[in-house]
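To start, the structure itself, in structure tokens.
The values are calculated or read from the model by the stated rules, or taken from the named source; none is laboratory data. These numbers were taken from a predicted model, which means no experiment stands behind them. FYI the Cβ positions are ideal-geometry reconstructions off the backbone, even for glycines, and counts take in every protein chain you see.
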Amino acid sequence: MYKVCKKCKKLYWRNVTKCLKCNQEGTLDLIIPQRFKVLASTTVNIPSKEHQKVPYNILAQKDEYGNTSIRKTFKYYKTGAVIKDKQVNTNDYLICTKVRYIENAAIERLFTFIEELLKYSRLFIDINLSDCKPKPDFEAGKMLSKKTIEHLLSLLRKSKTKYGILDNDYSQIIKIKYNLAPDNKNKDKKCRHLKVISINSINSIKQDTNTIYFIDAKYMIKNSHIYKANLLFLTNNIKLLKDFFSSGKIDDNLFYGEEAEIIYEELKNYE
Amino acid sequence: MYINGSYQTKFGVSDKDFDELAYEAIEGCLNDAGYEAKDMEAFVLSNNLNYFTESQSHTAAIIPSLTGIDAPVFNNEAACGAAGVAFTKACKLLDKFDPIMIIGVEKMSAPSTSDMLYFVATDSDRELEQREGLIFPAAGALVADMYMKRHNIHISDLSLISLKNHENGKINPYAHFYGKEVTLDMINESPVICSPLRLFDCSANSDGAAAIIISSKRKKRDDVRIKATHAMSFDLATFGPKDPIDFTSITKVSKKVFKEAGCKPEDIDLAEIHDGFSIMEIIVPEYAGFYEVGRSKYAIRKGENKRDGKLPINTTGGLKACGHPLGASGLRQIHDLRRQLIGKAGENQIGNIQKAFAFNFGSIFKSISATILEKDV
């Protein structure tokens, strides 16, 4: 997930809004690659503080746009192997993405995994904005980031679907209903709710039917400390997420986006 | 611009604390240059990891605590390239403050290897590299793997670099590996840290300090002239560009420094090349203009970079055998070039030389500095 300037071809990993090198507006393209070819790999045999479980492999990979990046994996890939993001094709799913500086790109990536599912759905979004209210400093990490909500809404606007907001002053409202398919032709489509929550409130969340949970885990609170985890999740089964957080156990087929073992290793750093 | 004096503590595992290492380098450098601390108009401090290793930030203010002198102290942090960049910074400040002392210090032996790998890894990109487990030996390994495949370099070429640097370090009393015999078999049989790099392809974490005093005036006969120095930083992430092993960043800095010095790579008699990993001693001479890209390996096989070779490189042991206290290495390189230029390199002395080149960098060619020194006869 990165931006490339159309004019000078400069690649930016960070969330810049203008290519200052060219000093022109509107030259940046947001790229969310989905297909990677392995160029080289190394096996790391020495543990370090944040990567205790060894051996692991690091791949140098080239995406479909020709740009390169690296990836940690516990799996073995040969040079030339192709790694692709796959669409959700199971009844239950837990999708995870790392946020690498450009949060809106991470959110967009999350939804690409359920693109096909959403085609056949009407979607209503419930955002509990009470989560966004300022909290005392020590609880700041519990807040659902307002920036995240802005990005989410912006993504849905970008998808050119009609939507409605119950109150114009959205900083005051509790719920936003968002209808991806409001026209009559789509009346029969399955109705789903998208609940947007902070990771720090998952224990109080109950499983509802026909609900997709968008979980903001950029900041996590453990033992009164706030950690920058920089993760986002999407699931239709909150139990999958709760179990994964408590034990790391999940059927690999139900985990999309990142490698489950890699994410669980990261989470263990916050224990 | 001249180097009036320089000093290096013994690199390695030291009983001395950070402050004591810094103090030894400061006092030694003042004595070598014939100055008193109060003569210094400014200090530039180079350090990378003190926040982690000693729980002490705001390192600049340690200098007045050690010298008793209230003076401007400019802190500089640029990963393994901190000292080289600090040297360039000091040279650029010389029209405002004259003379200036540059001090590089690092204390690395106390933390566990696991912690130290993490501390050093914080010099890489947080989201793109640290989270992906790219400790620096792994970054060096990926670069090595791709570069070796493209240019048909054999692992035995890396062994020859390591062997040469250990031969040089063995006779350098200030080197981490001083007096230690390292054989080709030991190198070849050393454990793989991150494939294809083995233990002896990686520089060691060391404690150490170095200091240099620069001035616009020549103070004594064996002062060395700073012909040119330049530093630049580049996009932090190692990977991203379409060709991640096209190291034009090295060429940009080197071209600039050669142009400023009014000379060419072929005029250089001796080079100090940052060999944090053995593969770097192949890559840097190629992109800095000493060899065509892909040709370094032939020079290594012919022994051209040995002390008696056509272009001696790392004649005192390089980072590989001197050890690599991150914040001090770039100054140690310049100190060793000065020792060679003024004929005070002891057993490592290579004869009468005129021009020398130092190349230091942080992360994988991200904060780069290059300096050309000349004997002032």
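In the range B:318-377, which residues are part of a helix (DSSP H, G or I) and polar (S, T, N, Q)? Correct list: B:S329, B:Q333, B:Q340, B:N348. Residues in the range A:9-24 that are at the interface with chain B (Cβ under 7 Å from one of its Cβ atoms) and touching a residue at least 60 places away in the same chain (Cβ under 8 Å): A:W13 only. Please work out if B:I245 is part of a helix (DSSP H, G or I) and on the phi < 0 side of the Ramachandran plot. Taking the combined requirement at face value, the residue does not satisfy it. The strands (runs of 3 or more DSSP E) falling completely within the range A:25-105 that include 2 or more residues that are without any contact (Cβ under 8 Å) to a residue 40 or more places away in the chain and facing another protein chain (nearest Cβ under 10 Å) map to A:35-44, A:56-63, A:68-73.
Here is the figure for the range B:107-130: residues that are among the aliphatic types (A, V, I, L, M) and at the interface with another protein chain (Cβ under 7 Å from one of its Cβ atoms) total 3. Residues of the range A:214-229 that are within 15 Å of A:Y264 (Cβ to Cβ) and within 10 Å of the chain's Cα centre (by Cα): A:A217 alone. Assessment of the range A:2-23 against the conditions (in a strand (DSSP E or B), more than 24 Å from the chain's Cα centre (by Cα) and within 23 Å of A:L231 (Cβ to Cβ)) yields no matching residue. With respect to (1) modelled with pLDDT of 70 or more; (2) more than 14 Å from every other protein chain (Cβ to nearest Cβ); (3) surrounded by 15 or more Cβ atoms within 10 Å (Cβ to Cβ), the lone exception for A:M143 is condition (1). Number of residues in the range A:205-248 that are in contact with an Asp or Glu (Cβ under 9 Å, 6 or more places away or on another chain) and within 23 Å of A:I58 (Cα to Cα): the value is 5.
For a quick check of your reading: which helices (runs of 4 or more DSSP H) sit entirely within the range B:34-96 and have at least 1 residues that are modelled with pLDDT of 95 or more?
Those helices (runs of 4 or more DSSP H) span B:62-67, B:82-93.
Filter the range B:131-150 for residues that are within 7 Å of chain A (Cβ to nearest Cβ) and either among the aromatic types (F, W, Y) or not in a loop (DSSP other than H, G, I, E, B) (or both); which is nearest to A:P55 (Cα to Cα)? Looking at the filtered set, the residue picked out is B:A138. The one condition from (1) touching a residue at least 12 places away in the same chain (Cβ under 8 Å); (2) out of contact with any helix residue (DSSP H, G or I) (no Cβ under 7 Å at 6 or more places or on another chain) that B:Y51 does not meet is (1).
So that you can scan it fast, the table gives a plain yes or no per residue for (1) out of contact with any His (no Cβ under 8 Å at 6 or more places or on another chain); (2) surrounded by 19 or more Cβ atoms within 10 Å (Cβ to Cβ); (3) in contact (Cβ under 8 Å) with a residue 24 or more places away in the chain; (4) away from every other protein chain (no Cβ under 14 Å):
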| residue | (1), (2), (3), (4) |
| --- | --- |
| B:L199 | yes, no, no, no |
| B:A204 | no, yes, yes, no |
| B:A209 | yes, yes, yes, yes |
| B:I212 | no, yes, yes, yes |
| B:V224 | yes, yes, yes, yes |
| B:M232 | yes, no, yes, yes |
| B:F239 | yes, yes, yes, no |
| B:P244 | yes, yes, yes, no |
| B:T251 | yes, no, yes, yes |
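Scanning the range A:237-263 for residues that are assigned to a helix (DSSP H, G or I) and either hydrophobic (A, V, I, L, M, F, W, C) or crowded, with 21+ Cβ neighbours inside 10 Å (or both) turns up A:I238, A:L240, A:L241, A:F244, A:F245, A:L254, A:A260, A:I262, A:I263.
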